[in-house]
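> First, the structure itself, so that you have it in front of you.
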Amino acid sequence: MNINKVTDGKNITISVSGRLDTNTSPVLESNITDIESYESLIFDFENLDYISSAGLRVLLSAQKRMNKANKTLSIINCNETVKDVFDITGFTDILTIE
Amino acid sequence: MYGKAEQFDDMTMLEVLYKKRKVDKEIKEEEVFNADVNELPKVREFIEHELEKCDCSMKVVSQINLAVEEVFVNIAKHAYGEKNGDCKVKIYFNGENTLEVTFEDSGLPFNPLTRGNPDTALSADEREIGGLGIYIIKEIMDDVQYMNEDGKNILVIKKYI
């Protein structure tokens, strides 16, 4: 998994590529400790091949934190495999997926 | 119009039959891993290597991979408590249409299928973090069975391809 962050100081886009699984999710988690300091967070999943429940946990926790801080979180460019997992788990309804 | 549709179905059926004939080799392999989340890449490698032989779709490959991760991680985290232990992973393909992955551990007797499903209709704030792994397995596999035999937890996941 690779993580790339781009920010203008106000908004941040975090691109995640590869696999978001049990082994790599803690790395993403430690990379999003300051997300509430931005008005908006976008996860760009264009090159994300795979997500498991461990990745979903990180996303749900990020969504909860952004909601609490009254900030926005959205997810863009998911492939079908990742979308399927969001659909099965009802995440399509609780996350903003564009 | 109706006749045309029927013909198309016949052609599709022929393609399916042809495809099945091409991959009529039975696969039966097993490997023993430490029940440790750090072993996950090895488990995945083993499963992916075997799946390559049975010519299944990318979608099936990624569903099996996902279910395998969820089951294995569950065993690695809970079966043996703080102690070390093994998890045997067996893959079986009947050469036709059924893929089966079996996980055996000698940890505490535990049937993960008794765990209640998460309420997927709740909002993000109401949803609990976690508890999704078992639910995902049940949703993406066609059949999931738990047995306790000779002091072993045995979980079998099946996919009809």
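> Going through the stretch B:106-134 one residue at a time, which ones are modelled with pLDDT under 95 and touching a Gly at 6+ places or on another chain (Cβ under 6 Å)?
B:Pro118, B:Thr120
> Still on this structure: For the stretch B:130-144, what are the residues that are surrounded by 14 or more Cβ atoms within 10 Å (Cβ to Cβ) and without any contact (Cβ under 8 Å) to a residue 60 or more places away in the chain?
Once the filter is applied, which keeps residues that are surrounded by 14 or more Cβ atoms within 10 Å (Cβ to Cβ) and without any contact (Cβ under 8 Å) to a residue 60 or more places away in the chain, the stretch B:130-144 yields B:Gly131, B:Leu132, B:Tyr135, B:Lys138, B:Glu139, B:Val144.
> Just the residues that are more than 17 Å from B:Val156 (Cα to Cα) and either touching a residue at least 40 places away in the same chain (Cβ under 8 Å) or surrounded by 18 or more Cβ atoms within 10 Å (Cβ to Cβ) (or both), please, taken from the stretch B:72-104.
Residues satisfying the conditions are B:Lys77, B:Tyr80, B:Asn84, B:Gly85, B:Gly95, B:Glu96.
> Right, something else. For the stretch B:111-122, give me each residue that is open to solvent by 50 Å² or more (accessible area, probe 1.4 Å) and either out of contact with any Lys or Arg (no Cβ under 9 Å at 6 or more places or on another chain) or of a type in the set (Val, Ile, Thr) (or both).
Result: B:Thr114, B:Arg115, B:Gly116, B:Ala121, B:Leu122.
Condition check ((1) touching a helix residue (DSSP H, G or I) at 6+ places or on another chain (Cβ under 9 Å); (2) in a helix (DSSP H, G or I)) across all residues:
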position	(1), (2)
B:Glu39	yes, yes
B:Ile47	yes, yes
B:Lys59	yes, yes
B:Asn65	yes, yes
B:Asn74	yes, yes
B:Lys83	no, no
B:Asp119	no, no
B:Ile136	yes, yes
B:Val144	yes, no
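> Here's another thing I want to ask about it. Only one of these conditions is not met by B:Ile137: (1) at pLDDT below 95; (2) within 14 Å of chain A (Cβ to nearest Cβ); (3) under 15 Å from the mean Cα position of the chain (by Cα). Which number is it?
So B:Ile137 meets the others, but not (1).
> How many of the residues making up the stretch B:105-129 are farther than 30 Å from A:Thr72 by Cα, within 14 Å of chain A (Cβ to nearest Cβ) and either charged (D, E, K, R) or in contact (Cβ under 8 Å) with a residue 60 or more places away in the chain (or both)?
1
Rundown of residues vs (1) within 28 Å of A:Thr22 (Cα to Cα); (2) in contact with a Lys or Arg (Cβ under 8 Å, 6 or more places away or on another chain); (3) at pLDDT 85 or above; (4) open to solvent by 100 Å² or more (accessible area, probe 1.4 Å), yes/no style:
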| site | (1), (2), (3), (4) |
| --- | --- |
| B:Ala5 | no, no, no, no |
| B:Met11 | no, no, no, yes |
| B:Glu31 | yes, yes, yes, no |
| B:Ala35 | yes, no, yes, no |
| B:Asn38 | yes, no, yes, yes |
| B:Pro41 | yes, no, yes, no |
| B:Phe46 | yes, no, yes, no |
| B:Leu51 | yes, no, yes, no |
| B:Val60 | yes, yes, yes, no |
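> (1) more than 12 Å from the chain's Cα centre (by Cα); (2) within 13 Å of another protein chain (Cβ to nearest Cβ): which one isn't true of B:Glu70, the others all being true?
(1)
> Let me ask something else. Go through the stretch B:93-117 and report how many residues are over 15 Å from B:Asp142 (Cα atoms) and in a strand (DSSP E or B).
Matching residues across the stretch B:93-117 total 3.
> Follow-up question, since we're still on this one. Please give the strands (runs of 3 or more DSSP E) falling wholly within the stretch A:22-98 in which 2 or more residues are open to solvent by less than 10 Å² (accessible area, probe 1.4 Å), more than 10 Å from chain B (Cβ to nearest Cβ) and of a type outside the set (Lys, Arg).
Filter on the stretch A:22-98 gives A:40-44.
> Given the condition touching a Phe, Trp or Tyr at 6+ places or on another chain (Cβ under 6 Å) and within 22 Å of B:Val73 (Cβ to Cβ), answer yes or no: does some residue in the stretch A:19-39 qualify? It would help to see each step written out before you state the result.
Start the filter on the stretch A:19-39 by keeping residues that are touching a Phe, Trp or Tyr at 6+ places or on another chain (Cβ under 6 Å), which leaves A:19.
Among the residues that remain, those that are also within 22 Å of B:Val73 (Cβ to Cβ) are: A:19.
Taking every residue of the stretch A:19-39 in turn, at least one turns out to be touching a Phe, Trp or Tyr at 6+ places or on another chain (Cβ under 6 Å) and within 22 Å of B:Val73 (Cβ to Cβ).
The values are calculated or read from the model by the stated rules, or taken from the named source; none is laboratory data. Only a predicted model underlies this, so the values are computations on that prediction, with no experimental measurement involved. Cβ: placed from backbone, ideal geometry, glycine included. Neighbour counts: every protein chain shown. Quick note on the areas: whole protein, heavy atoms, side chains included, nothing else; ligands and nucleic acids left out. Shrake-Rupley method; radii C 1.70, N 1.55, O 1.52, S 1.80 Å.
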